[in-house]
Amino acid sequence: MIVDFYAFAKGVVSGVLKPLYRIEVIGAEHFPKEGGVLLCANHISNLDPPVVGITAPRPIHFMAKEELFRVPVLKTLLPPLHAFPVKRGMSDRQALRTGIDVLKQGHVLGIFPEGTRSKDGKLQKGLSGVGFFALRTDAQVVPCAIIGPYRPLKKLKVVYGKPMDMSSLRERKASPEEVTEYIMSHIQALLDEHQ
């Protein structure tokens, strides 16, 4: 019998984190049921990837910093959890190609456009890589807001917005920077509405 490791891990992690942080999920019904999805969330904690992973209705492929794949236990665990490495601070063409393949194959690619955790919890400027993915594929783009704090028994919200209309930006071949700003504005709107 083959065990789906992703589903198994999701169940275990969910059983720990959901009661610990009293996680409330808002807007999961907006999440596209099929096709490529670029899921873009703010980044406030190292726990963001597992929290998004257990609350999203579909499995997520995450870009993870390359350093994590050098940690003995993690380098074994991350690939079956659909994570793939990205070199930070430079244009990593292999990671970009992998991300595009994930979307074109109809899967969900999870990205934290800020590139690193926000020190003060406020949304930082997004990196243009997220705009690149949005322009290079016809994936639906879903904004997500994680609203803390990550404190035991304090409510943590994960808010999924409706898929964004990218058609006009794609048609006029907007720059990756402009597309990234557009996506960040939607994440900020979710933060403003639900904080």
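The values are calculated or read from the model by the stated rules, or taken from the named source; none is laboratory data. The structure presented is a predicted model; accordingly, all values stated were derived computationally and were not measured. For neighbour counting, all protein chains shown are included, and Cβ atoms are generated from backbone atoms with ideal geometry for every residue, glycine included. SASA here: full protein model, heavy atoms, side chains in, ligands and nucleic acids out. Shrake-Rupley method; radii C 1.70, N 1.55, O 1.52, S 1.80 Å.
In segment 37-61, the residue that is nearest to residue 142 (Cα to Cα) out of those that are without any contact (Cβ under 8 Å) to a residue 60 or more places away in the chain and β-branched (Val, Ile, Thr) is 60.
Taking the conditions exactly as written (open to solvent by 20 Å² or more (accessible area, probe 1.4 Å), part of a strand (DSSP E or B) and modelled with pLDDT under 95), does residue 63 satisfy them or not? Walk me through how you get there before you give the answer.
Details: open to solvent by 20 Å² or more (accessible area, probe 1.4 Å): yes; part of a strand (DSSP E or B): yes; modelled with pLDDT under 95: yes.
Considered against the rule, which asks whether it is open to solvent by 20 Å² or more (accessible area, probe 1.4 Å), part of a strand (DSSP E or B) and modelled with pLDDT under 95, residue 63 comes out as yes.
For segment 97-137, filtering for residues that are farther than 16 Å from residue 56 by Cα and out of contact with any Gly (no Cβ under 7 Å at 6 or more places or on another chain) leaves 26. Checking each residue in segment 44-57 for being of a type in the set (A, V, I, L, M) and open to solvent by 20 Å² or more (accessible area, probe 1.4 Å) picks out 44, 47. Consider segment 81-115 and keep the residues that are surrounded by fewer than 12 Cβ atoms within 10 Å (Cβ to Cβ) and closer than 23 Å to residue 181 by Cα. The one that is modelled with the highest pLDDT is 97. If you go through segment 27-43 and keep only what is outside any loop (DSSP other than H, G, I, E, B) and open to solvent by less than 30 Å² (accessible area, probe 1.4 Å), you end up with 37, 38, 39, 40, 41.
Checked against the criterion of being surrounded by 14 or more Cβ atoms within 10 Å (Cβ to Cβ), in contact with a Gly (Cβ under 8 Å, 6 or more places away or on another chain) and of a type in the set (Ser, Thr, Tyr), segment 11-26 has no qualifying residue. What are the residue pairs meeting all of these: first residue in segment 15-36, first residue under 29 Å from residue 99 (Cα atoms), second residue of a type in the set (Val, Ile, Thr) and in a loop (DSSP other than H, G, I, E, B), Cβ atoms under 9 Å, and 6 or more apart or on different chains? So the pair list comes out as 36/137.
Scan segment 166-194 for residues that are out of contact with any helix residue (DSSP H, G or I) (no Cβ under 8 Å at 6 or more places or on another chain) and outside any helix (DSSP H, G or I) and the total you get is 1.
Step by step: first the residues of segment 44-60, then only those that are of a type outside the set (Gly, Ala, Ser) and assigned to a loop (DSSP other than H, G, I, E, B), then the one that is nearest to residue 182 (Cα to Cα). Which residue is that? Working first, answer last.
Step one: of segment 44-60, the residues of a type outside the set (Gly, Ala, Ser) are 44, 46-52, 54-55, 57-60.
Now drop any that are not assigned to a loop (DSSP other than H, G, I, E, B), which leaves 44, 46-47, 57-59.
Working: 44: 20, 46: 25, 47: 25, 57: 24, 58: 24, 59: 25 Å.
Going through the qualifying residues, I end up with 44.
The rows are residues; the columns are (1) surrounded by 16 or more Cβ atoms within 10 Å (Cβ to Cβ); (2) touching a Cys at 6+ places or on another chain (Cβ under 6 Å); (3) under 29 Å from residue 15 (Cβ atoms).
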{"residue": "126", "(1), (2), (3)": "yes, no, no"}
{"residue": "132", "(1), (2), (3)": "yes, no, no"}
{"residue": "137", "(1), (2), (3)": "yes, no, no"}
{"residue": "145", "(1), (2), (3)": "yes, no, yes"}
{"residue": "157", "(1), (2), (3)": "yes, no, yes"}
{"residue": "166", "(1), (2), (3)": "yes, no, no"}
{"residue": "175", "(1), (2), (3)": "no, no, no"}
{"residue": "190", "(1), (2), (3)": "yes, no, yes"}
{"residue": "193", "(1), (2), (3)": "no, no, no"}
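Is segment 37-49 home to any residue that is of a type in the set (D, E, K, R) and either touching a Leu at 6+ places or on another chain (Cβ under 7 Å) or closer than 23 Å to residue 119 by Cβ (or both)? So far as segment 37-49 goes, yes, one or more of its residues are of a type in the set (D, E, K, R) and either touching a Leu at 6+ places or on another chain (Cβ under 7 Å) or closer than 23 Å to residue 119 by Cβ (or both). Of all the residues in segment 136-165, those that are within 11 Å of residue 38 (Cβ to Cβ) and assigned to a loop (DSSP other than H, G, I, E, B) number 4.
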